[in-house]
Protein chains: 2
Amino acid sequence: MSPETEKLLSALGGRLGAVGVLAGSDVDQRYRDDPDGKLGALPEAVLRPRDTEGVAAALAACNDLGQPVVVQGGRTGLTGAARVQPGEIVLSLERMTGLDAPDRQAASIVAEAGATLQAVQEAADGASLMFGVDMGARGSATVGGNVATNAGGIRVLRYGMYRAQVLGLEAVLADGTVLTSLKGLPKDNSGYDLSQLFIGTEGTLGVVTRAALRLHPKPVSEVNAFCALSSLDAAIALLGLLRQKLGPLLSAYEVNFAPLYDTMVASMDMPAPLPAGSSVYVLAEIQGSEPERDGERFAEVLMQAVEDGVIDDVVVAQSPREVRALWAVREDANRVLFSIKGLVGVDIGIPLARMGIFLREADAAIHAVDPGADIYVFGHLGDGNLHYQVRTVDPAAAYDIVYRGVAAAGGGVSAEHGIGLDKKKWLHLVRSDAEIATMRRRKAALDPRNILNPGRVFDLIPPAFAKS
Amino acid sequence: MSPETEKLLSALGGRLGAVGVLAGSDVDQRYRDDPDGKLGALPEAVLRPRDTEGVAAALAACNDLGQPVVVQGGRTGLTGAARVQPGEIVLSLERMTGLDAPDRQAASIVAEAGATLQAVQEAADGASLMFGVDMGARGSATVGGNVATNAGGIRVLRYGMYRAQVLGLEAVLADGTVLTSLKGLPKDNSGYDLSQLFIGTEGTLGVVTRAALRLHPKPVSEVNAFCALSSLDAAIALLGLLRQKLGPLLSAYEVNFAPLYDTMVASMDMPAPLPAGSSVYVLAEIQGSEPERDGERFAEVLMQAVEDGVIDDVVVAQSPREVRALWAVREDANRVLFSIKGLVGVDIGIPLARMGIFLREADAAIHAVDPGADIYVFGHLGDGNLHYQVRTVDPAAAYDIVYRGVAAAGGGVSAEHGIGLDKKKWLHLVRSDAEIATMRRRKAALDPRNILNPGRVFDLIPPAFAKS
């Protein structure tokens, strides 16, 4: 163990308790794992406080010693923000998994940072309420990580990003200062809303310890449909139609472009809802409060779209089991994509008006470099968010083509995954020097010793000025 | 003119153009007016840039000279944030009233900071879309002021606070740095969301110059109802019932407590929708997409509530004219209240579960001090936000009783109006020393010379440390 780590553990003394510190050979491999397979360093120590006071003590000690800290929740991030870098120790929220009982009248719940998304969903459900965020990683992803990345997922078009779910936070600054704002008021302009400091800033400005989260009335009806369409334009037209006719009933609008669906169907271990071969597939979902009526309204709009030639083919789920089955098809994309090694994968946001031209131009440019490249695209079309993957012999060229295309289209290089370590070299394509300099000023003001998730999102010292 | 102002105007040269600067006797009284009648200082100069570059030039010059600046939009704020303090010059956004055409497909619009709320609403309406924020001051309140105060209003329970409408901002920092983020993407985690710096921070961290705002599908149906109820508990029960049965259809839920409604009816220049004499009146509104069905569903729930004894009496609007008439009754509260001089007025957020006991205790404590006090309460019950007014011979005692009661109930001393100059002495009741110190750190990091709206929200130098 390095003298730095020894000094830290001695400074902490017994304040985190016997199970609150892992060091040396007690440090498990899972603290280095990354879901995309990139292995981090093995940390010399893992701090596992069981409450906010423990987090404050841990950070104060690290700050005094200038010890860099990487914060870990469910380790499901896709940009390396939680991947351990040499010299970093881990601060894990894994022992802080408490959940208060939901407040039914206020429609809110207070959760500790280490509680999983699924635990929040289930607690809400048990109180006949619903949490507005959902995603495939629900069983592992945690409240703290979801806040830190301003998580998105499949129901953003109805319920908003994670930011819209946060009624208040408790967080600890780098120097151990605890900021608590957990009143859970839907309307409160009593001074700066400090919670905004921690949402989407990827653990670089503070460590979230608890969150007061908004819950919604539990939908009484839930119906979805799987549609085959001839083009992106048709899918965008259908989105407009569903929004116009169904208003806030529409709760998800997911897309899957050829040839991804065809590849999935070829090896799927469940019946395909529609045959392969179309250009675009859409999963649309509604959530409502009138079971006897909502499905009928949804079906009417879909049938009209078929008659008008917007949709080529459609299946509507008739039961909760069928609803789940269509979602399983949607999530099956990950099975196929995770099985392909070395895939270029990006998470991009693009204005709908420029999505078609972006896709055509990126496709042509990638195939000009590598005629054998395969391009797999799916995502959250209702939010203009695509997950775009390329199997190519020239990954560097593919990243460059896609990100420059995104920037030219007025899009973002990360729609929902964040920047972490892995995307920061492309941040300048979509954010100005003035914006990045302002991010640095915010970081320097709150974490002057740069101990919290250093080097995530941006380098505090611009590379040109860094010591070589 | 003071040497400081002369120096500033000379530094600015002709950069704001001939009509871009008012000085000396050209400065109009309206720059000192405050809607609650408190008169500010007459500023020596008013800077009126017509574009972002002009705002940047103005702020850079002021920052160089350490010249304090108060930012003015529509001057409708109710906490004195725009009230001129001695030595301050005014930066007015009144010439920046431009509005882009709404983007129908993205459902968004880009507006300059000086555009009024009503102009945004009308532009949205012209494109068959809707803006989610509305309030009585719509004709004067501006986009910049609405952003700076994170405006609320009457439809927060459906569409959220102003923060939820902001897809991106352009703003100028104290040193003239321009930050532009107007892509308008619904999902974008490409680095820190710097727009959050400016929402609800009351012009203390930067001057908003443009905003990309979210629009919603225009509701096809709009129905409201005015109900008389016997108690706050009944009004809270009705809110729960409407939420459960109608889900997102419910778009407003306003309350008016006795004796305010009785006082209004006694001098109203329109027919009262229901006779005076009940304890609580509620205006509930729905917005939907099925005209032939929404009103019927709403009426069914209301009739059930009458049968169950939750509602004592109700009128449902049958036409757009009647819908507007009920809203006119709601807005009539301001006519009565603005006519009473020296009223204690606060804008508080309280958890619904503790609202009843807060109201009873505050009423008893105020009447113990002043048995002749009149208490007038109305507000946005669906958001736990009350506007609470007291006519009393002891205003200081009333403020103290109400704000301490709010703090004890876990509420906020400003739900939607902000802190400004007038409420900062109560901020410490609801925010910890650590939170206020963190607000100071943010301010000092971005406006180190403290030129932007100084002394609003908090004093940068805590009073105990200030030079006497």
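Site pair A:Lys7 and A:Leu429 shows an inter-label distance of 4.1 nm when each label is modelled 7 Å from Cα along Cα→Cβ. Rolling a 1.4 angstrom probe over the protein heavy atoms with all chains in place gives the stretch B:344-416 an accessible area of 33 Å² per residue. If one computes the Cα centroid of the stretch B:196-269 and of the stretch B:59-76, what distance in Å separates the two points? When both Cα centres are located, 33 Å separates them.
Placing a label point 7 Å from the Cα of A:Arg293 along the Cα-to-Cβ direction, the residues of the stretch B:196-234 whose backbone N falls under 18 Å from that point are B:219-225. If the Kirkwood radius is taken over C-alpha pairs of the stretch A:344-427, then at 4 °C and 1.567 mPa s the Stokes-Einstein diffusion coefficient equals 102 µm²/s.
With label points set 7 Å from Cα along Cα→Cβ, the inter-copy distances at B:Arg324 are 5.3 nm, sorted shortest first. Relative to the other identical copies, B:Leu39 shows label-point distances of 7.8 nm, where the label point lies 7 Å from Cα along the Cβ direction and values run shortest first.
Taking Cα atoms only, the orientation of helix A:52-65 departs from the longest principal axis of chain A by about 60 degrees.
Computed over the Cα atoms of the stretch B:1-151, the ratio of the radius of gyration to the Kirkwood radius (Rg/Rh) comes to 1.01.
Axis angle, to the nearest 10 degrees, between helix B:291-307 and the longest C-alpha principal axis of chain B: 60 degrees. The charge dipole of the stretch A:108-217, taken about the Cα centre with unit charges on the Cβ atoms of Lys, Arg (+1) and Asp, Glu (-1), comes to about 300 debye, rounded to the nearest 20.
Once you compute Rg and the Kirkwood Rh from C-alpha atoms, what is the Rg to Rh ratio for the protein assembly as shown? Rg divided by Rh gives 0.96. Per the accessible-area calculation with a 1.4 Å probe, the total area buried between chain B and chain A rounds to 5900 Å². Across chain B, the relative contact order, built from alpha-carbon pairs under 8 Å that are at least six residues apart, equals 15 percent.
Of all DSSP beta bridges located in chain B, what percent are antiparallel, nearest 5? All intermediate terms of the calculation are to be shown ahead of the outcome.
Details: 58 of 66 bridges.
Of all bridge pairs located within chain B, approximately 90 percent are antiparallel.
Cα gyration tensor of the stretch A:281-362, axes a ≥ b ≥ c as square roots of the eigenvalues: rounded (a/c below 1.5), prolate (a/b > b/c) or oblate? Oblate, since a/c reaches 1.5 and b/c is not below a/b.
Across peptide A:178-186, the average count of Cβ atoms from other chains found within 10 Å of a residue's Cβ is 6. Apply the a/c threshold of 1.5 to the C-alpha gyration tensor of the stretch A:221-338 and tell me whether it is rounded, prolate or oblate. Cα axes put the stretch A:221-338 in the oblate bin. Any chance you could check the Cα centroid distance between the stretch B:145-182 and the stretch B:412-430 for me, in angstrom? Taking the Cα centre of the stretch B:412-430 as reference, the centre of the stretch B:145-182 is 19 Å away.
Entry note, chain A: the mean residue ellipticity at 222 nm calculated from DSSP H runs of n ≥ 4, each adding -39500 (n - 2.57), is -10000 deg cm²/dmol after division by the residues and rounding to the nearest 500.
Pairs of Cα atoms under 8 Å, at least six residues apart: use those to get the relative contact order of the stretch B:344-416, whole percent.
50 percent
Based on the convex hull around the alpha carbon atoms, the stretch A:109-191 presents an average projected area of 6.2 nm².
Of the trypsin sites (Lys or Arg not before Pro) in the stretch B:295-379, the ones in a loop by DSSP (not H, G, I, E or B) with at most 14 other beta carbons within 10 Å are B:Lys341. The percentage of C-alpha pairs in the stretch A:3-92 whose separation is greater than 17 Å is 44%. For the pair A:Ala444 and A:Val369, a Förster radius of 56 Å applied to the C-beta separation gives a FRET efficiency near 0.90, rounded to the nearest 0.05. The angle separating the long axis of helix B:3-12 from the principal Cα axis of greatest extent in chain B is about 90 degrees. For the stretch A:265-270, 3J(HN,Hα) computed residue by residue from phi via the Karplus equation (6.51, -1.76, 1.60; θ = phi - 60°) reads 4, 4, 10, 6, 9, 9 Hz, glycine and proline entered as x. Each copy carries a label point for A:Ser231 at 7 Å from Cα toward Cβ; from one copy, the others' points are 6.3 nm away, ordered from shortest. Extending 7 Å from Cα along the Cβ direction at B:Asp28 and again at B:Arg324 yields two label points whose distance is 2.8 nm.
Taking one quarter of the surface of the convex hull spanned by the alpha-carbon atoms of chain A gives a direction-averaged projected area of 23.3 nm². Counting only other chain Cβ atoms within 10 Å of each residue's Cβ, the peptide A:416-422 averages 2.
Inter-chain neighbour count for A:425-438: the average number of beta-carbon atoms from partner chains within 10 Å of each residue's beta-carbon is 4.
Solvent-accessible area per residue in the stretch B:3-92 equals 43 Å², computed with a 1.4 angstrom probe and all protein chains kept. Basic side chains Lys and Arg get +1 at the Cβ, acidic Asp and Glu get -1 at the Cβ, and with that the dipole of chain B about its Cα centre reaches some 1180 debye. Give the relative contact order (percent, whole number) for the stretch B:370-410; include only Cα pairs under 8 Å separated by 6+ residues. Rounded, it is 33 percent for the stretch B:370-410.
Note on the stretch B:329-468: Cα-only Rg and Dmax are 16.8, 50 Å.
Net charge in the neighbourhood of A:Cys227 (other residues with Cβ under 9 Å of its Cβ; Lys, Arg +1, Asp, Glu -1) is -2. Think of each Lys and Arg Cβ as +1 and each Asp and Glu Cβ as -1; about the Cα centre, that makes the dipole of the stretch A:372-448 roughly 360 debye. Database remark: amide H of A:Ser221 closer than 5 angstrom to the amide H of A:Gly288, A:Ser289, A:Glu290 (H placed geometrically; neighbours at sequence offset of 5 or more, or on other chains; Pro and chain starts carry no H).
The values are calculated or read from the model by the stated rules, or taken from the named source; none is laboratory data. The structure presented is a predicted model; accordingly, all values stated were derived computationally and were not measured. Because the Cβ atoms are built from the backbone with ideal geometry, glycine has one as well, and the counts that use them run over all protein chains shown. Just so you know, the surface numbers come from the protein's heavy atoms only, side chains and all, with ligands and any DNA or RNA stripped out. Shrake-Rupley method; radii C 1.70, N 1.55, O 1.52, S 1.80 Å.
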